[in-house]
Amino acid sequence: MGLPESHAEQAPRDRRREMVGEVVSDKMAKTVVVVVKRLTRHAKYGKVIRRVTRLKAHDEKNECHVGDRVRLRETRPLSKDKHFRVVQVLEKAKAL
């Protein structure tokens, strides 16, 4: 007796990656550029290295601005470079 089809289709959706990063550009319509920082260890020498990844993410309501901390979730390809969407604004940027 197998699983119902609806359950089988939902399984991959649970494995979508989530990341937290900072918005560095909001100049495009419904798109933001987010920098995700992470620490990795060098394979040979063991030194801890800072790595930075720039991701384009879909922002449906244009609610994100430069400096905001946001949570991203992986989604289907929305364009050539856009494979993530903004799930939540964790912290708004401080006004100057």
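The values are calculated or read from the model by the stated rules, or taken from the named source; none is laboratory data. Just so you know, these numbers come straight off a predicted model, no measurement behind them. Here the Cβ positions follow ideal geometry from the backbone for every residue, glycine too, while neighbour counts run over all protein chains shown.
Filter segment 60-94 down to residues that are at pLDDT 95 or above and among the small types (Gly, Ala, Ser) and give me whichever is surrounded by the fewest Cβ atoms within 10 Å (Cβ to Cβ).
Restricting to residues being at pLDDT 95 or above and among the small types (Gly, Ala, Ser), the top hit is Ser79.
Give the residue, chosen from Lys61, Lys27, that is without any contact (Cβ under 8 Å) to a residue 12 or more places away in the chain and assigned to a loop (DSSP other than H, G, I, E, B).
Lys61
Tell me, yes or no, whether segment 42-59 has at least one residue that is of a type in the set (Phe, Trp, Tyr), surrounded by 13 or more Cβ atoms within 10 Å (Cβ to Cβ) and either in contact with a Leu (Cβ under 8 Å, 6 or more places away or on another chain) or farther than 15 Å from Arg17 by Cβ (or both).
no
Return only the number of the condition from (1) assigned to a strand (DSSP E or B); (2) modelled with pLDDT under 95 that Met1 does not satisfy.
Only one criterion is unmet by Met1, namely (1).
Quick one: is Lys37 surrounded by fewer than 11 Cβ atoms within 10 Å (Cβ to Cβ), among the charged types (D, E, K, R) and either touching an Asp or Glu at 6+ places or on another chain (Cβ under 6 Å) or part of a strand (DSSP E or B) (or both)?
No; evaluated as a whole, the condition is false for this residue.
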